[in-house]
Amino acid sequence: MSEATFDRIAAEYDESLPAHVAAHYLDKRTDLIAGSGPPGRGLDVGCGTGALAARLAERGYEMTGLDPSAGMLAVMAAEHPEVEAVRGSGDALPFADDSFDLVVTVAALHHIAAPVAVRATLAEMVRVCRPGGRVIVWDHNPRNPYWGLLMARVPQDDGSERLVPEAEVLAGIRAGGGMPLHSTPLGFVPDFVPQGLLPAAAAAERVVERTPLARRLCAHNVVVATPLAGAGEGALP
């Protein structure tokens, strides 16, 4: 999807999912990311309207949000002025090496889509993360069969997207000089769950996430990595 299209839909972007479902995933992402290490300087690549970056700022992070869409950044500047807004592309981050303690991207890689650009974005994320910092990629799991139906309904998806397999994310991080520490399939609450049934759906989600075969169908792949120079024991082979 073009930057102009994202500019056009920026005002309605946050309404593409029911508010209670969006809040469920925002809470889930914030808890995992904030729990991965102490607060520091953070970068959200493909930040959109800044909802996640703002939540992380509330947890003590000094957040910068980067996005190619001026419209998305305008919404973020109006609603979340505590987050520094930078217009740019993930495959050519306008920051020096080792600039951030945390570099995260959520639901952006499938919009970047082109394999060369995806690999370059992952390498750039590793480059701007300091040794010992965290690089976190949270994106759509191609194994989940529901994505095609959902992506056909939301304004931010127009068919130009490509769901990026977990193996490609891991390979791109390694090629960029990073070391994946763990990769976890997460999320199983669909957008059509009524608000009153959300607690039950969230409980079912936790069961699926703990079940070895079923978890392969979770909605998202979540990869946590670190620049190679700061990698410790317990990394994926």
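The values are calculated or read from the model by the stated rules, or taken from the named source; none is laboratory data. Since we're looking at a predicted model, the values are computed, not measured. Ideal geometry is used to build each Cβ from the backbone, glycine not excepted, and the neighbour counts take in all protein chains shown.
Here is a yes/no grid of residues against (1) under 17 Å from Asp139 (Cβ atoms); (2) surrounded by fewer than 18 Cβ atoms within 10 Å (Cβ to Cβ):
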{"position": "Ala23", "(1), (2)": "no, yes"}
{"position": "Leu32", "(1), (2)": "yes, yes"}
{"position": "Arg41", "(1), (2)": "no, yes"}
{"position": "Ala51", "(1), (2)": "yes, no"}
{"position": "Ala54", "(1), (2)": "no, no"}
{"position": "Gly60", "(1), (2)": "no, yes"}
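Within the range 174-214, restricting attention to residues that are hydrophobic (A, V, I, L, M, F, W, C) and under 30 Å from Ala229 (Cα atoms), the residue that is surrounded by the fewest Cβ atoms within 10 Å (Cβ to Cβ) is Ala175. Number of residues in the range 55-74 that are within 14 Å of the chain's Cα centre (by Cα), in a helix (DSSP H, G or I) and of a type in the set (A, V, I, L, M, F, W, C) equals 1. Of the residues making up the range 67-88, those that are surrounded by 24 or more Cβ atoms within 10 Å (Cβ to Cβ) and within 17 Å of Val103 (Cα to Cα) are Asp67, Val83.
Scanning the range 220-234 for residues that are surrounded by 15 or more Cβ atoms within 10 Å (Cβ to Cβ) and at pLDDT below 95 turns up Leu228, Gly230, Ala231.
Taken over the range 1-41, the criterion of being modelled with pLDDT of 65 or more and in a loop (DSSP other than H, G, I, E, B) is satisfied by Ser16, Leu17, Pro18, Gly35, Ser36, Gly37, Pro38, Pro39, Gly40.
Starting from residues that are in contact with a Pro (Cβ under 9 Å, 6 or more places away or on another chain) and of a type in the set (A, V, I, L, M, F, W, C), keep the ones in the range 32-80 and report whichever is farthest from Ala117 (Cα to Cα). Give the steps one after another, and end with the answer.
Here is the first cut: in the range 32-80, the ones in contact with a Pro (Cβ under 9 Å, 6 or more places away or on another chain) are 46, 56, 59-62, 66.
Retained after the next criterion (residues that are of a type in the set (A, V, I, L, M, F, W, C)): 56, 66.
Values: Leu56: 26, Leu66: 16 Å.
So, considering only residues that are in contact with a Pro (Cβ under 9 Å, 6 or more places away or on another chain) and of a type in the set (A, V, I, L, M, F, W, C), the one farthest from Ala117 (Cα to Cα) is Leu56.
Cβ-Cβ contacts under 7 Å between residues 6 or more apart (or on different chains), taken from a first residue in the range 112-123 that is over 12 Å from Ser89 (Cα atoms) to a second residue that is exposed (fewer than 14 other Cβ atoms within 10 Å of the Cβ), are listed as Ala113/Ser160; Arg119/Ala175; Ala123/Ala175.
Quick check: is even one residue across the range 104-127 touching a Pro at 6+ places or on another chain (Cβ under 7 Å) and either at pLDDT 95 or above or of a type in the set (Ser, Thr, Tyr) (or both)? Yes.
Filtering the range 75-131 down to residues that are assigned to a helix (DSSP H, G or I) and among the small types (Gly, Ala, Ser), which residue is nearest to the chain's Cα centre (by Cα)?
Gly90
Whether any residue in the range 160-173 is at pLDDT 95 or above and among the basic types (Lys, Arg) is what I want to check. No; the residues of the range 160-173 include none that is at pLDDT 95 or above and among the basic types (Lys, Arg).
Look at the range 129-148: where a residue is on the phi > 0 side of the Ramachandran plot and a partner is crowded, with 20+ Cβ neighbours inside 10 Å, sitting 6+ places away or on another chain with Cβ atoms under 8 Å, you get Gly132/Thr226; Gly132/Pro227. Kindly provide the set of residues from the range 166-192 that are assigned to a strand (DSSP E or B) and either farther than 15 Å from Glu209 by Cα or among the hydrophobic types (A, V, I, L, M, F, W, C) (or both), ordered by number. Across the range 166-192, the qualifying residues are Gly178, Met179, Pro180, Leu181, Leu186. Among residues of the range 28-41 that are on the phi > 0 side of the Ramachandran plot and without any contact (Cβ under 8 Å) to a residue 12 or more places away in the chain, none has a beta-carbon under 8 Å from a residue that is surrounded by 15 or more Cβ atoms within 10 Å (Cβ to Cβ) and aliphatic (A, V, I, L, M) at least six positions away or on a different chain.
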